[in-house]
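Here is the structure we will look at, set down as structure tokens.
The values are calculated or read from the model by the stated rules, or taken from the named source; none is laboratory data. Keep in mind that this is a model prediction, so the values were computed, not measured. Here Cβ is always computed from backbone atoms with ideal geometry, including for glycine, and neighbour counts include all displayed protein chains. Each accessible area value is taken on the protein alone, full model and side chains, heavy atoms only, with ligands, DNA and RNA left out. Shrake-Rupley method; radii C 1.70, N 1.55, O 1.52, S 1.80 Å.
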Amino acid sequence: MVTESVSKPGTEAGGQHLKSSLRENRVFPPPAEFSARAHVRSLGDYEAMYRRSVEEPDAFWAEAADSLDWMERWTRVLDWDGSRAQWYVGGKLNLCANAVDRHALGSRASKVALLWEGEPGEQRSLTYQELHTEVQRFSNGLKSLGVRKGDRVSIYMGMCPELAIALLSCARIGAVHSVVFGGFAAQALADRTNDAQCKVLITQDSSFRRGQPVPLKAIADEALTRCACVENVVVFRRSGTPVPMQDGRDHWWHDVVERAERECAPEPMDAEDPLFILYTSGTTGKPKGLVHTTGGYGVGTLLTTRYNFDLHETDVYFCTADIGWITGHSYVVYGPLLNGATVMLYEGAPNWPETDRFWRMIDTHKVTIFYTAPTAIRAFMKWGTDCVRKHSLSSLRLLGTVGEPINPEAWMWYHREIGHERCPIVDTWWQTETGMHMIAPVPGAVPTKPGSATRPFFGVVPEIVTKQGEPVPAGCGGLLVIRRPWPAMARTIFGDHERYVKTYWSEIPGSYFTGDGARVDEDGYFWLMGRVDDVLNVSGHRLGTMEIESALVAHTSVAEAAVVGRPDEMKGEGVIAFVSLADEREPSPALKDELKKWVAKEIGALARPDDIRFTPALPKTRSGKIMRRLLRELAATGEVKGDTTTLEDFSVVASLKEKDEE
Ligand code: WT7
């Protein structure tokens with residue numbers, strides 16, 4: 001729901017970035033050497049292709065689908081009734097076979113598919129042929145545990161080849177994977193596993209982060225006490241730390257594959273059969289299980305990876321996102337492997353053992369394409385250039401960014417210090433829901449502007465509208481919508497199609513509602529301005545304010561809580577919680593600390609509030625709605641200028657102000 005006016009100047013990250021973006025008028029044409037060997041070599045070519053893709057979308061997407069191997073050809077490109085999309089109707093294919101078999105059985109058999117570094121420094125690599133072997137054995141292993149087509153499988157792991165193997169094996173046998181990021185807490189894992197009614201959970205003993213073990217199995221065990229649906233657990237031995245194994249329920253990964261047959265034929269899947277569920281935060285307390293399907297998702301991720309990263313046979317591709325997020329699904333696993341690329345995976349923190357870890361890995365493995373988030377770039381800037389300049393970085397030819405609007409200062413630093421002014425920067429705007437990049441510069445063709453995601457991908461029709469759905473005058477801010485379906489779009493919310501239709505296709509009738517504000521400049525470039533709903537973007541991760549509020553009120557000391565974002569130089573947005581305490585509970589620094597820890601324990605460290613502000617009561621409208629606009633203003637500036645006439649209790653604002661002045 002749109003609860004606020006579109007531009008909230010200065011009240012949050014988007015607004016802050018917008019201010020600097022508005023002053024930004026530098027243009028960087030694609031480097032000539034880059035364009036000369038790119039898939040798309042000029043702005044004219046991009047524009048011609050784009051025009052054709054939107055004038056004849058069926059022809060464009062039909063041709064795109066030929067990049068995949070189909071077991072049975074589809075009959076229609078798209079069926080769309082305004083709430084249910086079916087792409088490649090009647091087509092049958094298997095995405096694991098497309099991502100693995102056709103390379104392993106073709107000319108890429110001995111090409112490296114996965115290159116892995118563990119945080120402590122181990123290295124492993126798997127060729128496409130080896131990946132094919134591993135995936136078939138684990139697929140049979142899953143089958144031996146009773147996993148069948150359509151069953152859901154929960155995956156709670158750290159970054160290692162087995163995580164990619166787990167996803168691909170599910171895809172191979174038609175099971176629907178639901179990956180839960182390894183940084184989420186037990187309750188969050190339990191909620192997601194139960195919502196998807198997963199039959200099996202795949203985890204590992206532990207993983208490493210900043211030299212410390214992350215006890216994934218122990219957290220999974222805690223979650224599993226609340227998950228009646230899970231019958232079997234597979235545990236990959238990563239670190240060798242001893243973990244309890246429950247008889248009859250827990251099985252070691254190596255035992256499961258050891259017993260398994262070697263060959264496993266890929267299951268023929270309908271183009272619209274679900275491939276995975278991925279949970280993301282919305283404006284209510286309950287995360288949404290977005291369902292992505294097989295054919296369209298495969299086509300969309302394959303094509304965007306090829307064009308937006310200008311992928312070539314010799315590239316070594318490194319995306320720093322965890323597979324637990326959509327970026328990892330689409331641009332660590334499916335997109336690059338469908339293209340037969342060499343993909344680098346890294347287990348741990350960017351500053352372990354030193355702040356030059358990424359740059360060292362780029363030189364060691366001759367990485368050519370590097371894709372990360374603005375929040376990471378701002379951390380690199382803070383760590384200084386010394387640790388960067390020690391490394392050559394000469395293998396790099398393209399840089400990508402994703403997750404939040406990139407501030408021009410960070411863009412310029414990335415361009416200069418990492419790209420050595422030679423690598424195009426591809427700022428990719430998209431969402432868990434969109435499955436694939438939607439707005440990004442096709443790098444050999446589209447000139448870049450620091451802070452702008454530039455122009456839409458082929459076949460994508462974004463527009464800026466008012467709350468009433470009217471087009472806004474050129475250059476003005478408004479709501480970003482997408483005018484028509486695209487193949488990788490999420491098809492539904494698991495178990496709640498009504499919520500899907502209401503959230504995405506009803507706000508602006510006839511269009512997909514993104515929840516983002518944006519404006520378009522005179523060159524048709526899109527400038528993203530941040531969320532317009534109650535969703536926070538903390539270090540490029542999406543968090544619902546209501547989710548954090550629910551966690552807080554579950555604490556016995558808390559009567560009521562309201563959570564808002566505050567601009568944060570490093571994280572984009574920080575989490576600020578206004579809390580009124582239960583009877584007879586007294587505010588104290590110790591309680592603040594306890595509540596911060598509580599949220600981290602309930603949801604995960606990423607949701608830990610940066611600040612807790614105690615207040616006798618929360619400011620509400622007469623109809624009882626918490627006045628978030630006012631709290632945001634207060635969190636950002638320490639004072640309230642906005643209209644407060646609808647406040648139920650004026651003294652609340654005064655007392656909040658007082659608290660701030662202390
Ligand atoms: C939200 C989606 C898509 C993968 C990562 C996050 C923001 C994402 C950009 C960008 C400006 C961006 C938007 C969007 N966002 N990329 N390049 N420029 N904003 O996926 O968790 O689904 O979050 O992230 O606000 O709506 P997500």
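Assorted remarks:
- Within the stretch 200-222, the set of residues being open to solvent by 30 Å² or more (accessible area, probe 1.4 Å) and assigned to a strand (DSSP E or B) comprises 208, 209, 212, 213, 214.
- Checked against (1) over 21 Å from the mean Cα position of the chain (by Cα); (2) part of a helix (DSSP H, G or I), residue 267 passes all but a single condition, namely (2).
- Qualifying residue in the stretch 335-356 (condition: within 16 Å of the ligand (Cβ to nearest atom) and open to solvent by less than 10 Å² (accessible area, probe 1.4 Å)): yes
- Check on residue 228, in contact with a strand residue (DSSP E or B) (Cβ under 7 Å, 6 or more places away or on another chain) and under 19 Å from residue 145 (Cα atoms): no
- So residue 135, is it aliphatic (A, V, I, L, M) and assigned to a loop (DSSP other than H, G, I, E, B): no
- Complete set of residues in the stretch 484-513 that are touching a helix residue (DSSP H, G or I) at 6+ places or on another chain (Cβ under 8 Å), of a type in the set (Phe, Trp, Tyr) and open to solvent by less than 50 Å² (accessible area, probe 1.4 Å): 486, 512, 513
- Screening the stretch 612-639 for residues that are under 16 Å from residue 567 (Cα atoms) and modelled with pLDDT under 80 and picking the one that is most open to solvent (accessible area, probe 1.4 Å) gives 639.
- Residues that are within 13 Å of the ligand (Cβ to nearest atom) and either without any contact (Cβ under 8 Å) to a residue 12 or more places away in the chain or in a helix (DSSP H, G or I) (or both) within the stretch 548-578 are absent altogether.
- Condition broken by residue 256, with the remaining ones in (1) within 16 Å of the ligand (Cβ to nearest atom); (2) over 18 Å from the mean Cα position of the chain (by Cα) satisfied: (1)
- In the set 434, 428, 375, 454, only one residue is at positive phi, crowded, with 21+ Cβ neighbours inside 10 Å and touching a Gly at 6+ places or on another chain (Cβ under 9 Å); that residue is 454.
- Residue that is farthest from the ligand (Cβ to nearest atom) [pool: residues in the stretch 519-542 that are of a type in the set (D, E, K, R) and in a strand (DSSP E or B)]: 519
- Unique residue being in contact with a strand residue (DSSP E or B) (Cβ under 7 Å, 6 or more places away or on another chain), open to solvent by less than 30 Å² (accessible area, probe 1.4 Å) and part of a helix (DSSP H, G or I) when the list is 317, 279, 331: 331
- Check on residue 481, β-branched (Val, Ile, Thr), in contact with a strand residue (DSSP E or B) (Cβ under 9 Å, 6 or more places away or on another chain), open to solvent by less than 10 Å² (accessible area, probe 1.4 Å) and more than 21 Å from residue 85 (Cβ to Cβ): no
- Residue in the stretch 39-52 that is within 30 Å of residue 508 (Cα to Cα), surrounded by fewer than 20 Cβ atoms within 10 Å (Cβ to Cβ) and acidic (Asp, Glu) present: yes
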